[in-house]
Amino acid sequence: GAAGTGGYAFRGGLHPDTSMIANILANQGVRSELTGRPLSEAAILGAGGGLGAGYILWEFRARAAAILTLGFRNQWQYPAVPGWLAKTADRLAIRLDVHETGGPAGARMALDAILDTGRPVIAYVDQQVIGTWGQPAELSGVTGYPVVVVGRLGDDGYLVDDRGKAALEVPATTMVAARARIGTWRNRLVELTPPGRVVPAASLRAAFRAGLEDQVDHLRAPSDSFSLPTWRKWSRLLTDTRNPKAWSRVFPGGRGLFGALLSIVEAVDGTIGAQGGHLRELYADFLDEAAPTLDAPALNDAARAWRTAADLWEDLADAAVPADLDGAVDVVEAAEALHDGAMAGEPGRAGVADAAGKLWSARAAYAGELPLEPARIEALYADLGERISRIYQAECEAVESTAAAIGR
């Protein structure tokens, strides 16, 4: 590890919430009795109830263009404490110590006190302010997520694990600002204390089973905002011209559409965006891990069904930004380069700045109407709608396959 990280091993990861738990437990020397190895990120995802589904198109008067939000993890719409994180920790018998402070001075003291004990700690931060992803100032306060603070950098900085291959160096003033930016989080820090160095096989079986039952019930729910019917709703809004939330009405003449299309790529493709992508492949890995653990070989069939859905999501991401739009291919490549830079930790900073510059200038260039024929935009909507409809069908089948495997 870097100086000041106390030998903390950077293991990478896909999704902020699941990887932070996996990485902290691994660094605390926790092992599974079943495998003798650290708990995988896939196992954490599965124990926490697996996948979610969510689609929201936010329209703010203050902003020129609508903002697309897609959710892919169980309970994605709730901040992780107490919701998803508490549920996941409870199933794995991990103790959570949540620290919240009103003012910046107290918040910094609380963080330093924990780091002085040599323990890594989860901090909830504003994604723009923390600086990993090279976002412009206008996105301050829009999205937050957890990172792991693993150590101090002298007296005025911190070493952060944001799923990268190496530490990010974050000045103390930046850390204070990033933690304070989203007021409802109250500078939240969370410490994880596992029950011991070995997670017993019986505990893991119980956690996996609870997570599987939660998954099936959650995705079978009728909600068209937070369960599978949300994909069907999205598919219809791409082609239904009467609904005020239809894309043809939210993006008249394609105005503001480019940003939303790029957001699909960033949200769906785990090798591009900041949130780990659609997570379907990771969940399939969990099912393959759970099959022998629970002596339920049919979970391998469910894993295949989820991989079918994962492939459809990847195809959607590939189709979202029209290749016949001038510079479109370069924009997606810049988004990939941005992700690669972010995952490199501190050595990737220059790459992040360069890629982010290209990305945001392209967004600005296409902020107005898209230079495509109306019939071409209509065809794009029809194609995306059809793809999302197929995703909905595939995920319904995958859920029923999962349910059958556990007799639910």
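The values are calculated or read from the model by the stated rules, or taken from the named source; none is laboratory data. Owing to the predicted nature of the structure, the values given are computational and were not obtained by experimental measurement. Quick reminder, even Gly has a Cβ in these numbers, built from the backbone with ideal geometry, and neighbours come from all protein chains shown. These accessible areas exclude ligands, DNA and RNA; they are computed on the full protein's heavy atoms, side chains included. Shrake-Rupley method; radii C 1.70, N 1.55, O 1.52, S 1.80 Å.
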- What number in nm² do you get for segment 228-367 if you take the convex hull of its Cα atoms and divide its surface by four? 10.6 nm²
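What does the charge count around residue 372 come to, taking other residues whose C-beta lies under 15 Å from its C-beta (Lys +1, Arg +1, Asp -1, Glu -1)? Write out the running numbers ahead of the final one.
Details: positive: 255, 376; negative: 324, 326, 369, 373, 378, 383.
Charge balance in the 15 Å sphere: -4.
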- Message: For Cα pairs less than 8 Å apart in space and 6+ apart in sequence, what is the mean separation divided by the residue count of segment 87-196, i.e. the relative contact order in percent?
- Response: 36 percent
- Message: Please report Rg (one decimal) and Dmax (integer) in Å for the Cα set of segment 122-264.
- Response: 20.9, 59
- Message: Placing +1 on the Cβ of each Lys and Arg and -1 on the Cβ of each Asp and Glu in the chain, which of 177, 9, 103 has its Cα farthest towards the positive end of the resulting dipole?
- Response: 103
- So the compactness index of the chain, its C-alpha Rg divided by 2.2 N^0.38 Å, takes the value 0.98
- When the chain is treated as a GNM, springs tying every alpha-carbon pair under 10 Å, which of 289, 373, 266 comes out with the largest mean-square fluctuation? 373
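Relative contact order (percent) for segment 311-388, with alpha-carbon contacts under 8 angstrom and 6 or more residues of separation?
Values: 41 pairs, mean separation 25.5, N = 78.
That works out to 33 percent.
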- Query: Which semi-axis lengths, in whole Å and largest first, follow from the square roots of five times the eigenvalues of the Cα gyration tensor of segment 140-220?
  - Reply: 33, 19, 11
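Roughly speaking, to the nearest percent, how much of the chain's 1.4 Å accessible area is carbon and sulfur?
Details: 8590 of 16380 Å².
Taking all protein chains in place, the chain shows 52 percent carbon and sulfur surface.
What accessible area per residue, rounded to a whole number of Å², is obtained for segment 53-204 using a probe radius of 1.4 Å?
Values: 6340 Å² over 152 residues.
Each residue of segment 53-204 exposes 42 Å² on average to a 1.4 Å probe.
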- By what distance, in whole Å, do the Cα atoms of segment 176-246 stretch along each of the three principal axes, largest value first? 58, 40, 14
- Qualifying trypsin sites (Lys or Arg not before Pro) in segment 31-123, DSSP loop, other Cβ atoms within 10 Å at most 10: 61
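Can you list, largest first and rounded to whole Å, the semi-axes you get for segment 203-309 by taking the square root of 5 times each eigenvalue of its Cα gyration tensor?
Semi-axes from the Cα gyration tensor: 35, 16, 11 Å.
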- Divide the volume of the convex hull of the Cα atoms of segment 8-134 by its number of residues and quote the answer in cubic angstrom per residue. 148 Å³
- Message: For Cα pairs less than 8 Å apart in space and 6+ apart in sequence, what is the mean separation divided by the residue count of the chain, i.e. the relative contact order in percent?
- Response: 21 percent
- What is the distance, in nm, between label points placed 7 Å from the Cα along the Cα-to-Cβ direction at residue 173 and at residue 35? 4.3 nm
- For residue 32, distant residues with modelled amide H under 5 Å away: 37, 39, 199
